[in-house]
Amino acid sequence: MLLLMKNTTLIIIWITCLCAGKSFAQGKPALSAPSNNSTGYVRNPSFTWQAFAGGYSYDIELATDAGFSNIITSRSNLNITRFVPVAQLPAGNVYWRVKAKNEAGADVSLWSDAFRYVVSIPTRTYTIPPHASLQALKDTMRKAIMNTPAILAFTADSTYELDGNITGLFAIDTANINDLIIEGNNAKIVIKNNAHVGFMRIQNSNRVTVRRLSIDWDPLPHSLLDVISVNNSDSTVLNVNVRLRKVKGMSSPYYPAIYGNPSFTNHWSWSYLVDTADPGSLKKIDNNTYGIAPADITPIACRDQPEYNIYRAGSKSGKYFAVGDVLAIVARDNVGSLMSTRNCIDFVCDSIINYTSPIGCYYSFDGSDMKVLNCHSALKDESRFVSANADGVHCRANNIGPWVESSSFVGNADDGVALYNKGIAVRSKISSTALTVTNNEFMNLKKGHIFRIFIPKTGKVLGTNFTVDTVYLQSGAYRVQFTPAIPATDYDSLVDIGLSDVQQNVQLYNTTLRNDRFMITNNRFTVRARGAIIRSSRGVVSNNQFFSCSSAGVALYNEAALWYNGLYSRDMWIMNNDIRDCAFDNLGADAGAINVRINKIDSAAGNVFEDRMSPVSLDHANIRITNNTIKNFAQHGISLFNAANCSIRNNVFISDMPAYYRNGTHYGIYINTVFGTAITGNNFSGDLRPMTQIQRVNDSGTTVTP
């Protein structure tokens, strides 16, 4: 009887714990990095841990004491096994711990054992004198690099004009650095008379921080012009007159001349119309670039303010121009970026403001763990409508993806965030376990890496993961040997190989280097093109403002044509974002403000290849689109194509417009070629425009709850 009573008591306790959402015999998450009792100079490190069985999200606490009575920072409901503090950690001991929760928010683990990370401050500081020349800056930087760990400090609030004949594409170009902190102390950098030169490139380095700087160029690497007349008498010719606009704070009162100005026209890229009532955004039309070249420009008789005629035969874009429009021209060919890294691990950009850039802002090629915190690509004053000439954050083939938080990208001439890998073109078939591939900078396969095979003409991703066994050069190409063998039917289907047009070739995609565990949170994006275009895994896009991005606010798709950027995304959360007035341009055709799909190339127009939806792929998977607010979607609210086991839940659709930016059919939620989609709790009551709320095509296993 006593044993029975004891067992009954244990059962009651066990049931009570389950009712509270907790298991009686809970385990603890295993922490990974920084390792216990390690010391480092990075004050915004990545804290990582192993996934816990049954864990849907995680809480983390950082404290100055082992008892966690003095919490420095914490974060709840992290859906990835990584955390980066957005504010610098204090020097000294930092203790951290993690616990796991299920999807309902109940604990499924105890707090982990605490790890200690000791934040150390370099003892050596090298100060750049006030108003130092570029050469003096480099000399001081060289001393710091030779004596790391070190701090390279700009003089507080000083202005540095980097002038003269700068060789190369970067004012600062260096490599092989470990444990360097570049402390800007709110100094101002002006790159003068070198509009094509980027600010900084760092290669083959680890644990470098750059912080508290503002950066501008004089003259600017882009130009703005008022449209003063439009001649549409011939619809096959673009024929407009434009006047150079004035700009504040530059050596010249005007934006760069677009004729007889090689420093600008030699780098000319493309042009587009901006929306002066919505600074940073494009004019709300479906064309987001115009093919205008320097040869199309003729100066008009001299006036106080330079004027030009733009005449381009064969262009049908004149219908988009109106008197009073403002035309932007960006010069981004063969130029440097704001910050560029290659093969760098743990690169921190903190509290940096850039008012322009010859190309994009923060680039990481073949690296890992870039952080962009409290940074802003901004419009300096009311005379500016363009900031950087390209992407805000651009990461290719990173192991751990970027952490982008509390930043803004307004007026960028390309995507806000772009995460991807390049296709590696197959040159020849050796056997079912060996292929040769093109020898170029995109070949990043190494022993142990995993890759998939993509056929761009059909949009098919072969079903097998392949593991690299060996890679070596053979007759000018890389020979890749792998396991398992390609199945016979798939092997026979690999017919587009060794073609001169790379985008048509069968391609390998490295899925090991795919920006894993990225975070994009609490940012503002108003850009030409997509707010964030992502091909990655185990990442989060949350609590951002995507306002007036000309293409989708959030896009998960490959670019099969032209760029061959890809490939697919898995295990992602797109949640709690505010997406307004996005996807009005030509990339918004048949697309959502949140747009998920797999593309193939389409050759219907001769040798002009364009992206078309894959009719066969279901390779996006486990995408959770929840609790987003989508206002004034242009054609579709959420498009989910080529995906398996995804959910679209509790999103809110609103509008204060009577009509749509784009003509055609209008769907609130549009699913096509999907399996196992859950559509639950979405609210359309705030958008009274005529639409089909949920459109389903070629789907199976879908559940819909009003």
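Near residue 56, the amide H atoms lying under 5 Å from its own belong to 101, 102, 103; only residues 5 or more places off or on other chains count, and H is placed 1.01 Å from N.
Explain nothing, just the number: relative contact order of the range 277-370, from Cα pairs under 8 Å at least 6 residues apart, as a whole percent. Write out the running numbers ahead of the final one.
Details: 84 pairs, mean separation 19.7, N = 94.
This gives 21 percent for the range 277-370.
Computed from backbone phi, the HN-Hα couplings of the range 592-600 come to x, 4, 10, 10, 10, 6, 10, 9, 10 Hz, rounded to whole numbers (Karplus: 6.51 cos²θ - 1.76 cosθ + 1.60, θ = phi - 60°; Gly and Pro given as x).
Please compute P(r) over all alpha-carbon pairs of the range 420-558, binned at 5 Å starting from zero, and give each bin as a whole-number percent. Going from the shortest bin to the longest, the percentages are 2, 10, 17, 20, 16, 12, 9, 8, 6, 2, 0. Taking amide H as placed 1.01 Å from N in the peptide plane, the amide H of residue 353 sits under 5 Å from that of 213, 214, 215, 376, each at least 5 places away or on another chain. Backbone geometry of the range 290-304 corresponds, through the Karplus equation with coefficients 6.51, -1.76 and 1.60 at θ = phi - 60°, to 3J(HN,Hα) couplings of 10, x, 9, 10, x, 5, 8, 9, 10, x, 8, 2, 3, 9, 4 Hz, x marking Gly and Pro.
Taking 8 Å as the Cα distance limit and 6 or more residues as the minimum spacing, I'd like the relative contact order of the chain as a percentage. Display every interim value, and only then the final one.
Values: 2143 pairs, mean separation 53.4, N = 706.
Contact order relative to length: 8 percent.
Mean separation of Cα pairs under 8 Å and 6+ residues apart, divided by the residue count of the range 21-119: what relative contact order is that in percent? If you can, show how the numbers build up before the last one.
Numbers: 241 pairs, mean separation 38.2, N = 99.
In percent, rounded to a whole number, it is 39.
By the equivalent-ellipsoid construction on the alpha carbon gyration tensor, the chain comes out with semi-axes of 41, 34, 27 Å, ordered largest to smallest. Over all orientations, the range 236-390 has a Cα convex hull whose mean projected area works out to 10.8 square nanometres.
For the range 87-96, putting each phi into the Karplus relation 6.51 cos²θ - 1.76 cosθ + 1.60 with θ = phi - 60° gives couplings of 9, 4, 6, x, 5, x, 6, 10, 9, 9 Hz, in residue order, rounded to whole numbers and with x for Gly and Pro. The chymotrypsin sites (Phe, Trp or Tyr not before Pro) found in the range 413-467 include none that occupy coil by DSSP while having at most 15 further C-beta atoms within 10 Å.
As a test of understanding, state the convex hull volume per residue of the range 309-431 from its alpha carbons, in Å³. Please list the in-between numbers first.
On the way: hull volume 21.8 nm³, N = 123.
Enclosed volume per residue, from the Cα hull, is 177 Å³.
Please give the calculated 222 nm ellipticity per residue for the chain, where each DSSP H segment of at least 4 residues contributes -39500 (n - 2.57) and the sum is spread over every residue; nearest 500 deg cm²/dmol? Present the calculation step by step, with values, prior to reporting the outcome.
Details: 4 runs with 41 residues, N = 706.
Helices in the chain give a 222 nm mean residue ellipticity of -1500 deg cm²/dmol.
Each of the GluC sites (Glu not before Pro) that DSSP puts in a loop and that has at most 16 other Cβ atoms within 10 Å breaks the chain; the longest unbroken stretch is 104-381. For the range 21-119, the convex hull spanned by the alpha carbon atoms encloses 87 Å³ per residue.
Values quoted throughout were computed directly from the atomic coordinates according to the rules given, and no laboratory measurement underlies them. Everything numeric in this text was worked out from a predicted model, so none of it was measured. Methodologically, a virtual Cβ is constructed for each residue, glycine included, from the backbone with ideal geometry; neighbour enumeration extends over all protein chains shown.
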